[in-house]
1. Taking 7 Å along the Cα-to-C-beta vector as the label spot, tell me the Arg163-Asp218 distance in nanometres, rounded to one decimal.
2. Work out how much length Gln75 to Gln96 would gain on full extension: take 0.36 nm times their residue separation and subtract the Cα-Cα distance, in nm to one decimal.
3. Give me the distance in nm between label points sitting 7 Å out from Cα along the Cα-to-Cβ direction at His247 and Ile124, one decimal.
4. Provide the packing ranking of 77-89, 159-171, i.e. peptides ordered by the mean count of other C-beta atoms within 10 Å per residue, highest first.
Amino acid sequence: MHRLRTPLGALGLWLLFAFPAAAQFDDEPPAATPSAFDETEIDAADAEDFDDAPETDLDAVDRAHAAYLADSALQLERPEQDFEPPPPRPTPPWLQAIGDFLTALGPVFRVVFWAAVALVVAGILYFLFGEAIRLRFGGRAKKKDKPQDDILQDLRPDAAAARSLLDEADALARQGRFAEAVHLLLFRSIEDIQQRLEGGVPVSLTAREISNLGRLPDRAKRALGPIIQVVERSHFGGRAVDAEGWHEARRSYESFAFGEGWA
């Protein structure tokens with residue numbers, strides 16, 4: 001019996017709450033549907049609202065803006081850093097003195113510069129045309145003074161060696177071997193020139209070519225000339241060297257070895 005009452009009580013409670021809820025859903029009004037409206041009425045209402053709004057006083061805005069800009073308490077610009085470079089170091093007195101001295105010599109340096117330019121130009125012109133100018137105007141006068149240059153270089157052999165050579169040549173001449181005696185004088189003279197002449201003498205040169213060397217002093221050329229002529233007449237001309245030719249060659253060698261005017 002007790003088990004039966006419990007389900008019946010639950011069913012009664014359910015019915016009690018179910019009927020009022022259903023009645024509530026039945027009494028709800030229908031959903032509202034959008035209705036057409038008059039746009040002209042809304043625009044007129046908005047216009048009335050704007051007409052009622054207060055007007056902006058532009059003069060007051062300008063005065064407020066001017067007062068804002070004039071307020072010194074406000075920072076309206078970005079501050080810029082004011083950088084001041086350090087003052088330059090003073091020039092040392094000694095350096096200032098050197099600068100003043102060089103400044104004073106400026107005109108002198110200008111003259112020296114143009115003088116150097118003129119010398120360079122003159123040197124180039126002389127290098128290109130100097131030989132022609134010398135031959136055209138001063139060649140003869142220079143040639144007269146050339147014998148004095150022979151004193152600058154002594155090509156003579158030692159006196160003892162020269163006397164020993166003459167003794168050997170005289171011994172050959174007493175035997176009638178005049179050609180050998182003359183050749184001996186010539187070869188020894190060329191050896192002395194090769195040893196004493198600055199730069200030496202190329203071995204491939206003949207006796208005549210050696211006598212025509214431009215750096216050979218004229219006094220040496222004149223002294224060796226007769227010896228070379230005697231040897232050439234004997235070697236190339238087929239003429240035997242006699243006593244006269246020997247004595248001529250001997251005198252030339254004596255002039256070369258013991259002649260005056262050498263340094």
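Bear in mind these aren't lab numbers, they're just calculated from the coordinates by the rules spelled out. In this text the structure is predicted, and so the values were computed from the model without any measurement. Here the Cβ is made from the backbone with ideal geometry for all residues, glycine too, and neighbour counts use every protein chain on show.
1. Distance between label points: 3.2 nm.
2. Details: separation 21, 0.36 × 21 = 7.56 nm, distance 4.93 nm.
Value of the extension gain: 2.6 nm.
3. 6.3 nm
4. 159-171, 77-89
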